[in-house]
Amino acid sequence: MKNTEAANRELHQAYVRKLKIEQRWIWFWQISIFLIFFSIWELASRLKWIDPLLFSSPSKIYKLFIAKASDGSLWMHINVTLFETVAGFIIGTFAGILLAAMLWWSTRFSKIIDPYLVILNAMPKVALGPIIIVALGPGYISIIAMGAIISIIITTLVVYNAFQEIDSNYIKVLQSLGASKRVCFKEAIFPASFPTMISSLKVNVGLSWVGVIVGEFLVSKQGLGYLIIYGFQVFDFTLVLFSLLIIAIFAAIMYQLVEKLEKKLIKH
Amino acid sequence: MPLLSVNQVSHHYYSKKDYTKALENISFTLEQGEFISILGPSGCGKTTLLSIVAGLIKPTMGEIILGEDSASEPGNKAHMGYMLQQDYLFPWKTIKENIMLGPKINKTLDNSIKEQADQMLEEVGLQGIGDSYPDELSGGMRQRAALARTLITEPKLLLLDEPFSALDFQTKLRLEDFVSQLLKQYNKAALLVTHDISEAIVMSDRIILLKPRPGEIKQIFRMPPELRKISPFQARQHPSFQAIFDEVWKEMSALEKY
Ligand SMILES: Nc1ncnc2c1ncn2[C@@H]1O[C@H](COP(=O)(O)OP(=O)(O)OP(=O)(O)O)[C@@H](O)[C@H]1O
Ligand SMILES: [Mg+2]
């Protein structure tokens, strides 16, 4: 008995070792791809395989990063864009959920409003940019509005759909215990749709970045979107690519944070 | 005045194209402390009838009279405990939270209710699993938890939609005895839907046999008092059990031809 116990443990350890080796290989290739990509880029730029004026090079971008980081202007731009994105994301998501709750509350309202929602959903929201800027002024309010409006309608539709999908017998259970409509929402509809809301958070993070960057293209004097459009105008493509990399990094960080939040919230 | 009067209730389900007659002209009364079983083939409107009595569906015609008032008044719902055909435990709540849902909704949640919930768990044989989630339980355990959720509100009238159908035979017999004893002790009334003829016989004062399409009362059987005095378990072995079983069986088999 003791012997087989030891043997089993041995087998398990072999299995764990195999997993570790596999994981190392995956890391190895991930880092390799990263290094190879940037090395080829640098090389191609130096050897003039690609036009260095248009495609810049990692070393130039790095130098720009050092310069911008030390004079503090980089943090200002990042701050502005992050604030606008987070605000747009939160407002868009919450307004969407609120609207979905209103639709659930009144079936008649939801039937009346349905075709308008379909049209609004189909419309490319960034096309509303000029109108929003005229209405709300050329400032960060407009940009936040862009970040929010791009995700409101889709959140509403997805969450409302989840509200409707719940088995009506759960409502029957609550009603038989004397629950009001409000209690039914709180005890059944809302918690049952919680996973959908969380997954719509993940979608909305990405959408809000789109809205905010386009908004900054249109009006702003600050932010990462502004840096891109400014770099484009003065033909400084190092600046354009630099901003792009910063956006990629921060969008990925935000996505990871939302994913962490999801894991924490959906335990049961 | 009876606890519950069902007066000429008919119910139709409507769709755009057509309508289904689920119930047709159902009338009966239920006295304080009485136990009635509703027996009938699948689709004859048993669940519909129970939902109407619970006030969750408004019948197309007829009315439900409860004591003095009508079932449509929300205040009366608290006096009824409705156990649906499936357990419908909320998966994101623990078993104990599920059981205390009624008191929570009625804002009577306090420490004594929590103790009562523990006691209730013990009585349905689920002690020690109050902190588990429904998906960690077997089908029979879930059904017992749903029974506990219904009983904790101390309803005057219990509406049970096949509460014992997913249970193994031993648990079923034990719970039949438990429910029967509880109802007798507190002189509560119950309306039980079941497919199981012997269960209907050993639990009830009267059995209402429904015939399908549309659901109409085919016959009402009154159980003899000697069976009512003893527990369901003992009633199954009583000499007069078999004769009643054969009688109900004959009538029910005749319905299959519909
Ligand atoms: N929500 C509904 N919409 C339309 N028709 C319905 C609905 N619920 C039930 N019905 C129909 O009404 C009839 C009675 O249904 P009900 O669920 O009351 O039967 P039941 O006696 O409880 O059956 P079972 O023993 O299988 O549970 C059936 O023909 C069914 O198809
Ligand atoms: Mg049924």
Scan segment B:156-172 for residues that are of a type outside the set (F, W, Y) and buried (at least 22 other Cβ atoms within 10 Å of the Cβ) and report the count. 5
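Might you let me know whether segment B:41-54 holds any residue that is over 24 Å from B:M252 (Cβ atoms) and among the β-branched types (V, I, T)? Talk me through it step by step, then tell me what you get.
Step one: filter segment B:41-54 for residues over 24 Å from B:M252 (Cβ atoms), giving B:54.
From what's left, among the β-branched types (V, I, T): none.
Within segment B:41-54, not a single residue is over 24 Å from B:M252 (Cβ atoms) and among the β-branched types (V, I, T).
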Just give me the residues in segment B:175-220 being within 16 Å of ligand 1 (Cβ to nearest atom) and of a type in the set (A, V, I, L, M), in sequence order. B:L191, B:L192, B:V193, B:I197, B:A200, B:I207, B:I208, B:L209, B:L210, B:I217
Can you tell me which residue is nearest to the other protein chains (Cβ to nearest Cβ) among those in segment B:93-110 that are free of Cβ contacts under 8 Å to residues at least 24 places away in the same chain and either surrounded by 19 or more Cβ atoms within 10 Å (Cβ to Cβ) or not in a loop (DSSP other than H, G, I, E, B) (or both)? B:I105
Considering segment B:108-144 alone, what residues qualify as being small (G, A, S) and under 19 Å from B:L182 (Cβ atoms)? B:S112, B:A117, B:G125, B:G140
Within segment A:47-54, identify whether any single residue is out of contact with any His (no Cβ under 7 Å at 6 or more places or on another chain) and touching a residue at least 60 places away in the same chain (Cβ under 8 Å), and answer yes or no. yes
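What about B:P74, is it at pLDDT 90 or above, over 16 Å from the mean Cα position of the chain (by Cα) and closer than 18 Å to A:K172 by Cα?
No: the conditions fail for B:P74.
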Given (1) over 18 Å from B:L191 (Cα atoms); (2) surrounded by 15 or more Cβ atoms within 10 Å (Cβ to Cβ); (3) not aliphatic (A, V, I, L, M), where does B:C44 come up short, assuming only one miss? (1)
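Select, from A:K202, A:K186, A:K181, the only residue that is within 13 Å of chain B (Cβ to nearest Cβ) and touching a residue at least 60 places away in the same chain (Cβ under 8 Å).
Values: A:K202 fails: within 13 Å of chain B (Cβ to nearest Cβ); A:K186 fails: touching a residue at least 60 places away in the same chain (Cβ under 8 Å).
Exactly one of A:K202, A:K186, A:K181 is within 13 Å of chain B (Cβ to nearest Cβ) and touching a residue at least 60 places away in the same chain (Cβ under 8 Å), namely A:K181.
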Determine if segment B:140-152 includes at least one residue that is away from chain A (no Cβ under 12 Å), modelled with pLDDT of 85 or more and within 16 Å of ligand 1 (Cβ to nearest atom). yes
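Every residue, every condition in (1) surrounded by 16 or more Cβ atoms within 10 Å (Cβ to Cβ); (2) in the same structural domain as A:V210 (by TED's automatic domain parsing); (3) of a type in the set (S, T, N, Q); (4) under 21 Å from the mean Cα position of the chain (by Cα), yes or no:
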| residue | (1), (2), (3), (4) |
| --- | --- |
| A:D114 | no, yes, no, no |
| A:L117 | yes, yes, no, no |
| A:I152 | yes, yes, no, yes |
| A:T156 | yes, yes, yes, yes |
| A:S168 | no, yes, yes, no |
Scan segment B:142-163 residue by residue and report those that are within 14 Å of ligand 2 (Cβ to nearest atom) and not in a strand (DSSP E or B). B:E162, B:P163
Considering each residue of segment A:62-96, count those that are buried (at least 20 other Cβ atoms within 10 Å of the Cβ) and of a type outside the set (A, V, I, L, M), and give that number. 10
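Tell me, yes or no, whether segment B:130-139 has at least one residue that is more than 16 Å from ligand 1 (Cβ to nearest atom) and under 16 Å from the mean Cα position of the chain (by Cα).
Pass one, segment B:130-139, residues more than 16 Å from ligand 1 (Cβ to nearest atom): B:130-139.
Those still in the list that are under 16 Å from the mean Cα position of the chain (by Cα) too: none.
Looking for residues that are more than 16 Å from ligand 1 (Cβ to nearest atom) and under 16 Å from the mean Cα position of the chain (by Cα), one finds none in segment B:130-139, hence no.
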Selection status of B:L66, away from chain A (no Cβ under 11 Å), away from ligand 1 (no atom under 13 Å from the Cβ) and under 20 Å from the mean Cα position of the chain (by Cα): yes
What is the one condition in (1) within 15 Å of the chain's Cα centre (by Cα); (2) modelled with pLDDT of 85 or more that B:S165 does not satisfy? (2)
So if I check each of A:V173, A:V126, A:V118, which one is among the β-branched types (V, I, T) and within 14 Å of chain B (Cβ to nearest Cβ)? A:V173
Mind checking whether some residue in segment B:104-114 is modelled with pLDDT of 85 or more and touching a helix residue (DSSP H, G or I) at 6+ places or on another chain (Cβ under 7 Å)? yes
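The values are calculated or read from the model by the stated rules, or taken from the named source; none is laboratory data. None of the values given here were measured: they were computed from a predicted structure. Ideal geometry is used to build each Cβ from the backbone, glycine not excepted, and the neighbour counts take in all protein chains shown.
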